[in-house]
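Below is one structure, written out as structure tokens; comments come after it.
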Amino acid sequence: MKAATVKAIKEELNMRSREELVELCLSLSKFKKENKELLTYLLYEVSDELSFINSIKDEIDLAFKEINRTSYYYLKKSIRKILRNTKKNIRYSKKKQTEVELILFYCNKLKNLSPPISKSIPLTRIFEREILRVEKIVTKLDADLQYDYGNEIEIIRNE
């Protein structure tokens, strides 16, 4: 089956009744965990972005505590998994400030990790790539936020 375009889906949804839309959303949430997470964000957390950011930070913090530190191989796999989950949650929000907050928190946790990431080239590259990504996003924000986040980026880099 070939998926319809967004425009075609939007037109079809506009023709449906309220009850049909509720049923479609519920059936959509049954198929993938990501769909259910997105619906949860849109229904409950979109109005309070700060609590959403804090809950994701708690998840990141917990994941960093549970990392397998026996070798750099397992460390790298765990770090990538945490980053993947963080980016998935960032996609729900679509707000640049939320993205910057979460990636900077992730980078800060990564930088303060034990054993140090400086002894692993792949982990150092992950860190640098995310810092560069955040710097690019910060340039699109307000001047006040650019200054604040710029200072935060420098602090994380120079630790």
request  = Quick one: which residue in 27, 17 is of a type in the set (Gly, Ala, Ser), modelled with pLDDT of 85 or more and surrounded by 10 or more Cβ atoms within 10 Å (Cβ to Cβ)?
outcome  = 27
ask   = Among the residues of the range 75-85, is there at least one that is within 27 Å of residue 42 (Cβ to Cβ), hydrophobic (A, V, I, L, M, F, W, C) and modelled with pLDDT under 95?
value = no
ask   = Within the bounds of the range 106-114, is there any residue that is under 19 Å from residue 148 (Cβ atoms), modelled with pLDDT of 95 or more and under 10 Å from the mean Cα position of the chain (by Cα)?
value = yes
message = Just to be sure before I move on: is residue 133 surrounded by fewer than 19 Cβ atoms within 10 Å (Cβ to Cβ) and within 27 Å of residue 72 (Cα to Cα) in the structure I sent?
response = yes
ask   = If you go through the range 95-102 one residue at a time, do you hit one that is under 30 Å from residue 24 (Cβ atoms) and touching an Asp or Glu at 6+ places or on another chain (Cβ under 8 Å)?
value = yes
inquiry  = Show me the helices (runs of 4 or more DSSP H) entirely contained within the range 67-159 in which 1 or more residues are of a type in the set (Lys, Arg) and under 23 Å from residue 55 (Cα atoms).
reply    = 72-93, 96-111, 121-138
task = For the range 10-30, state whether one or more residues are of a type outside the set (A, V, I, L, M) and either within 24 Å of residue 107 (Cα to Cα) or touching a helix residue (DSSP H, G or I) at 6+ places or on another chain (Cβ under 6 Å) (or both).
result = yes
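Condition check ((1) polar (S, T, N, Q); (2) surrounded by fewer than 12 Cβ atoms within 10 Å (Cβ to Cβ); (3) more than 19 Å from residue 107 (Cβ to Cβ)) across all residues:
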| site | (1), (2), (3) |
| --- | --- |
| 35 | yes, no, yes |
| 39 | no, no, yes |
| 43 | no, yes, yes |
| 51 | yes, yes, yes |
| 57 | no, no, no |
| 68 | yes, yes, yes |
| 76 | no, no, no |
task = Taking residue 62 as the residue in question, decide whether it is at pLDDT below 95 and out of contact with any Pro (no Cβ under 8 Å at 6 or more places or on another chain).
result = no
key: Criterion (more than 29 Å from residue 38 (Cα to Cα) and free of Cβ contacts under 8 Å to residues at least 60 places away in the same chain) met by exactly one of 133, 125, 129, 91   = 125
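The values are calculated or read from the model by the stated rules, or taken from the named source; none is laboratory data. None of the values given here were measured: they were computed from a predicted structure. Note that we place each Cβ from the backbone using ideal geometry, even for glycine, and neighbour counts take in every protein chain shown.
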